[in-house]
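**Q** Quick one: structure below, then a few questions.
The values are calculated or read from the model by the stated rules, or taken from the named source; none is laboratory data. Bear in mind the structure is a predicted one, so any value in this text is a computation, not a measurement. As a convention, Cβ positions derive from the backbone with ideal geometry for all residues, glycine included, and neighbour counts pool all protein chains shown.
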């Protein structure tokens, strides 16, 4: 049997704060290390021919964290989208930010728009950043678009047109780090037949070898899609 081809990889990057606590560091430093690992992950995926990578950067529930932590995360994301975006553009990566972006700080909204505009014509790979994202929120927002447009009938195929990225393919594999075994609302619509891989490794420690281990596990599975 031919091994399945992985086109779309999703990552739930969990464990930054636990990593920091384990090393006697502040939670903010853990987030910084976690962000640095995203950049490495992007290169690993490029080398393995993965066409679409979606990372869960900030959920709609993460606003409940301390104001100091949320402010740091927003600033870290803004810096990344204004500084590191240039390197991603040079590598031919199209960057898309999905979520309720209108609720983000104005300067971060501006950085998101600029990053997507700069890279929109790139075709080598796609990096989706789920920011102020929730799978239930995405579905509800899609339903409200349908209501506002007075659409009388939808199908599973046409409903895709009302999601944050109408062209996003189904997620083939979703990896969650840190040992937690839940998806926390990540890509609910796109994960209907996803394979899942859970690892005890905390996100800042997630390495190229860990990625290969997950991909090897995926390659050994037989996907039936309900058949």
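**Q** Which residue is surrounded by the fewest Cβ atoms within 10 Å (Cβ to Cβ), if the candidates are limited to segment 136-153 and must be in contact with a helix residue (DSSP H, G or I) (Cβ under 6 Å, 6 or more places away or on another chain) and farther than 13 Å from residue 98 by Cβ? Show your work before the answer.
**A** First, pick out the residues of segment 136-153 that are in contact with a helix residue (DSSP H, G or I) (Cβ under 6 Å, 6 or more places away or on another chain): 142, 145-146.
Now drop any that are not farther than 13 Å from residue 98 by Cβ, which leaves 145-146.
On the way: 145: 14, 146: 16.
Applying the filter and picking the extreme gives 145.
**Q** Something else now. Could you tell me whether residue 178 is out of contact with any helix residue (DSSP H, G or I) (no Cβ under 6 Å at 6 or more places or on another chain), surrounded by 19 or more Cβ atoms within 10 Å (Cβ to Cβ), modelled with pLDDT of 95 or more and assigned to a loop (DSSP other than H, G, I, E, B)?
**A** On the way: out of contact with any helix residue (DSSP H, G or I) (no Cβ under 6 Å at 6 or more places or on another chain): yes; surrounded by 19 or more Cβ atoms within 10 Å (Cβ to Cβ): yes; modelled with pLDDT of 95 or more: yes; assigned to a loop (DSSP other than H, G, I, E, B): yes.
Judged against the criteria, residue 178 is a match.
**Q** If you take the residues of segment 68-89 that are surrounded by fewer than 15 Cβ atoms within 10 Å (Cβ to Cβ) and closer than 12 Å to residue 28 by Cα, which of them is nearest to the chain's Cα centre (by Cα)?
**A** Within segment 68-89, the first condition is being surrounded by fewer than 15 Cβ atoms within 10 Å (Cβ to Cβ), and the residues that meet it are 68, 71, 75, 79, 83, 86-87.
Cutting the leftovers down to closer than 12 Å to residue 28 by Cα gives us 68, 71, 75.
Values: 68: 23, 71: 20, 75: 18 Å.
Restricting to residues being surrounded by fewer than 15 Cβ atoms within 10 Å (Cβ to Cβ) and closer than 12 Å to residue 28 by Cα, the top hit is 75.
**Q** For segment 1-40, which positions are out of contact with any helix residue (DSSP H, G or I) (no Cβ under 7 Å at 6 or more places or on another chain), under 20 Å from residue 173 (Cβ atoms) and in a helix (DSSP H, G or I)?
**A** The answer is 38, 40.
**Q** Taking segment 181-204 on its own, how many of its residues are over 20 Å from residue 51 (Cα atoms), surrounded by 13 or more Cβ atoms within 10 Å (Cβ to Cβ) and either in contact with a strand residue (DSSP E or B) (Cβ under 8 Å, 6 or more places away or on another chain) or free of Cβ contacts under 8 Å to residues at least 24 places away in the same chain (or both)?
**A** So the count comes out to 5.
**Q** Only one residue in 162, 218 is surrounded by 13 or more Cβ atoms within 10 Å (Cβ to Cβ) and touching a residue at least 60 places away in the same chain (Cβ under 8 Å), so which one is that? Step through it out loud before you land on a result.
**A** Details: 162 fails: touching a residue at least 60 places away in the same chain (Cβ under 8 Å).
Of 162, 218, the one residue that is surrounded by 13 or more Cβ atoms within 10 Å (Cβ to Cβ) and touching a residue at least 60 places away in the same chain (Cβ under 8 Å) is 218.
**Q** So residue 187 ticks every box in (1) part of a loop (DSSP other than H, G, I, E, B); (2) modelled with pLDDT under 95 but one. Which box is left unticked?
**A** Here residue 187 clears every test but (2).
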